[in-house]
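The values are calculated or read from the model by the stated rules, or taken from the named source; none is laboratory data. This one's a predicted model, so the numbers in the text were calculated from it and none came from an experiment. Positions of Cβ are generated from backbone atoms using ideal geometry, with glycine treated the same way; all protein chains shown enter the neighbour counts. Surface areas here come from the heavy atoms of the whole protein model, side chains and all, with no ligands, DNA or RNA. Shrake-Rupley method; radii C 1.70, N 1.55, O 1.52, S 1.80 Å.
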Amino acid sequence: MKSRIHVIFVCKECGADTPKWAGQCPSCGRWNTLAEKSAPRSSGRAGGEPRRLTDFSSAVVPLVSLKASEVSRRPTGMGEFDRILGGGLVPGSLVLLGGPPGIGKSTLMLQAANRLAAPDFPVLYISGEESPEQVRGRSVRLGAENPSLLFASETDLEKILDAVREAKPRALVVDSVQTMHKSALPGGPGSVAQIRECAAELLHLAKGEGLGVFLLGHVTKEGDLAGPRVLEHMVDTVLYFETEREDVHRVLRAVKNRFGPTNEIGVFEMTGRGLDEVTNPSALFLGEREGAAPAGTSVLAALEGTRPLMVEIQALVARTAFGMPRRQVSGVDYNRAVLLIAVLDRRCGFSLESQDVYVKATGGIDVREPASDLAVCAAVASAAADKPLPARTVWLGEVGLGGELRSVPQVSERLAEAAKLGFQRAFVPASATRGRTGPAGMEVVGVGHLADALNRAGLRS
Ligand code: TYD
Ligand code: MG
């Protein structure tokens with residue numbers, strides 16, 4: 001009789017499995033990451049039940065005859081967090097919160113769990129990273145004193161499941177998935193097999209009991225996403241918590257959400273008493289703009305998800321001391337910035353080929369949309385001319401290789417937000433002004449070409 005166990009090779013990085021050993025993982029292409037593992041044969045009847053992620057099974061009926069499920073949400077009361085979740089925690093959903101160590105995942109979840117818990121909605125926080133005393137220390141600091149917030153330090157998955165059966169919470173926080181393990185499985189905590197299996201069990205629990213589960217996971221800066229990445233397809237919602245180095249501001253981003261929007265961001269500030277919500281991030285990303293802005297700064301009316309956000313772009317132009325001119329860029333796309341510098345040089349007469357150019361989006365935000373082109377060009381041109389741009393002005397538009405301006409999505413929303421923040425003028429592509437009036441109190445200047453826009457802003461090469 002054939003053995004029911006066979007050997008497969010599992011990549012430690014991406015979790016892909018393959019029947020044959022190879023030096024390079026056929027899935028992610030990394031080297032020396034395949035490790036041997038025994039696996040039950042995947043014949044359904046023989047041996048144990050094959051693992052399924054969810055227990056859905058139903059009769060075949062016309063789809064239109066079915067009643068759509070109403071998603072009822074439980075808001076945490078932290079507005080920025082709820083918006084990312086799509087309005088609140090959905091019962092029976094599994095939310096993965098990833099981020100580098102030390103960014104504030106435990107802090108955020110402890111605050112959210114404290115707000116979420118209620119006598120009819122107990123929340124259980126499990127930490128496999130810190131002792132009860134440590135977590136209590138943090139909760140004192142945060143003022144998290146909700147008696148319906150339950151806690152246990154535990155790393156054994158079976159014991160966690162027991163604790164859930166006993167305490168019957170409505171929401172569960174598991175901090176972190178890398179510390180959990182199931183003793184029946186080979187491999188230590190943090191191995192791909194353990195992470196997957198633990199997450200699958202928790203998913204089962206979430207769906208079976210209608211329990212909202214938050215799973216915390218570490219992601220390292222080097223992009224080693226082994227842990228959380230292998231879970232992305234299994235969970236309902238994937239959130240990443242990020243920051244610029246040494247910045248007190250934290251940006252929470254939804255990269256997947258079965259119950260809400262993606263590309264939304266939530267902004268928090270780390271303080272001595274935990275994370276504060278930043279409800280008006282535009283003010284934050286604009287930096288300290290007291291008085292007239294210096295040369296080399298412009299303001300972009302950006303869009304993060306569905307939310308308009310004003311971001312300050314700064315540029316510095318300095319003579320190249322020797323050799324190749326430098327282009328250093330942070331917070332905006334490097335290749336786009338280099339291309340825009342070339343357009344300024346060739347199409348608008350700014351001679352930048354012997355100049356070092358530095359470009360930066362302030363506030364630790366990453367602006368990737370083409371709509372930021374015009375603001376980047378305006379900042380660089382202003383720096384090159386050493387002349388400030390007009391005050392209270394926002395810039396918006398994609399710049400083509402010929403220097404022509406192209407329209408961008410959701411111009412009205414962006415301008416409305418800018419007007420709310422006291423901006424009085426906007427430079428936008430001419431095509432975006434057709435048939436449209438700007439918000440009250442704002443002069444909207446439609447321009448066809450980059451050179452024209454810079455001219456009208458008083459910059460001449
Ligand atoms: P933590 O939530 O432990 O991060 P993670 O779980 O993502 O590893 O937060 C770590 C950092 O936050 C730590 O450097 C201390 C800082 N911090 C504050 O500045 N203020 C606070 O109130 C708390 C609780 C933490
Ligand atoms: Mg932590």
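Taking segment 137-201 as the region of interest, what is the percent of Cα-Cα pairs per 5 angstrom bin, listed from the shortest bin to the one with the maximum distance?
Cα pair-distance distribution for segment 137-201, in percent: 4, 16, 25, 20, 15, 12, 6, 2, 0.
Distance in nm between label sites at residue 334 and residue 401, each 7 Å beyond Cα in the beta-carbon direction?
Going by the 7 Å Cα→Cβ label model, 2.2 nm.
Pairs of Cα atoms under 8 Å, at least six residues apart: use those to get the relative contact order of the chain, whole percent. Could you put the intermediate results ahead of the total?
Working: 995 pairs, mean separation 52.8, N = 461.
Taking the mean separation of contacting Cα pairs over the length of the chain, I get 11 percent.
Would you mind calculating the relative contact order of segment 94-229 from Cα pairs under 8 angstrom and at least 6 residues apart, reporting the percent as a whole number?
Numbers: 238 pairs, mean separation 43.7, N = 136.
After rounding, I find 32 percent.
Which value results for Rg/Rh of the chain when Rg is the Cα radius of gyration and Rh the Kirkwood radius based on the inverse mean 1/r?
Values: Rg = 26.2 Å, Rh = 25.0 Å.
Rounded to two decimals, Rg/Rh equals 1.05.
Restricting to the chain, what percent of DSSP beta bridges are antiparallel, rounded to 5? Numbers along the way, then the final one.
On the way: 45 of 86 bridges.
The antiparallel proportion sits near 50 percent.
Which of rounded, prolate, oblate describes segment 399-461, given a ≥ b ≥ c as roots of the alpha-carbon gyration tensor eigenvalues and a/c under 1.5 marking rounded, otherwise prolate only if a/b is larger than b/c? Don't jump to the answer; show the numbers that get you there.
Numbers: a/c = 2.28, a/b = 1.46, b/c = 1.56.
Judged from the Cα gyration tensor, segment 399-461 comes out oblate (a/c at least 1.5, b/c at or above a/b).
Would segment 321-370 count as rounded, prolate or oblate if I go by the C-alpha gyration tensor, calling it rounded below 1.5 in a/c and otherwise prolate when a/b exceeds b/c, oblate otherwise? Show your work: numbers first, answer last.
Numbers: a/c = 2.66, a/b = 1.50, b/c = 1.78.
Since a/c reaches 1.5 but b/c is at least a/b, the shape of segment 321-370 is classed as oblate.
When you take every Cα atom in segment 72-279, what is the radius of gyration, and what is Dmax, the widest Cα pair distance, in Å?
Reported Rg and Dmax, both Å: 15.5, 46.
Give me Rg/Rg_expected for segment 284-456, where Rg uses Cα atoms only and Rg_expected = 2.2 N^0.38 Å with N residues. Don't skip to the end; give the middle numbers.
On the way: Rg = 14.9 Å, N = 173, 2.2 N^0.38 = 15.6 Å.
Rounded to two decimals, the normalised Rg is 0.95.
Can you work out the PRE-style zone for residue 35? Point 7 Å along Cα to Cβ, and I want the residues of segment 193-213 with backbone N under 15 Å.
193-198
Ignoring ligands, DNA and RNA, what percent of the 1.4 Å accessible area of the chain is carbon and sulfur? Can you show the working numbers first?
Working: 11290 of 22280 Å².
Percent of accessible area from carbon and sulfur atoms in the chain: 51.
7 Å from Cα along Cα→Cβ at both residue 21 and residue 183: what's the point-to-point distance in nm?
Going from the residue 21 label point to the residue 183 one covers 3.1 nm.
Between residue 387 and residue 412, what length comes free when the chain is fully extended (0.36 nm per residue of separation minus the Cα-Cα distance, one decimal in nm)? Walk me through the numbers before you get to the answer.
Numbers: separation 25, 0.36 × 25 = 9.00 nm, distance 2.89 nm.
Full extension from residue 387 to residue 412 adds 6.1 nm.
Between residue 130 and residue 440, what is the label-point separation in nm under the 7 Å Cα-to-beta-carbon projection?
Result for the modelled spin labels: 4.9 nm.
At q = 0.13, 0.15, 0.19, 0.30 Å⁻¹, what is the base-10 log of I(q)/I(0) for segment 96-155 according to the Debye formula with one equal point scatterer per Cα and no solvent? Please give it to two decimals.
At q = 0.13, 0.15, 0.19, 0.30 Å⁻¹ the computed log10 ratios are -0.31, -0.42, -0.68, -1.43.
Quick one: which of 105/159; 37/168; 20/159; 67/159 span more than 31 angstrom between C-alpha atoms?
Values: 105/159 23 Å; 37/168 35 Å; 20/159 36 Å; 67/159 37 Å.
From the list (105/159; 37/168; 20/159; 67/159), the Cα-Cα distance tops 31 Å for 37/168; 20/159; 67/159.
State whether segment 354-396 is rounded, prolate or oblate according to the following rule on the C-alpha gyration tensor (a ≥ b ≥ c being the square roots of its eigenvalues): a/c under 1.5 gives rounded; otherwise a/b larger than b/c gives prolate, and the remaining case gives oblate. Don't skip to the answer; put the middle values down first.
Values: a/c = 1.73, a/b = 1.21, b/c = 1.44.
It is oblate, given that a/c is not under 1.5 and a/b is not larger than b/c.
Quote to one decimal, in nm, the extra length available between residue 60 and residue 342 on full extension: 0.36 nm per residue of separation minus the C-alpha distance between them. Can you show the working numbers first?
Numbers: separation 282, 0.36 × 282 = 101.52 nm, distance 5.99 nm.
Fully extending the segment from residue 60 to residue 342 adds 95.5 nm.
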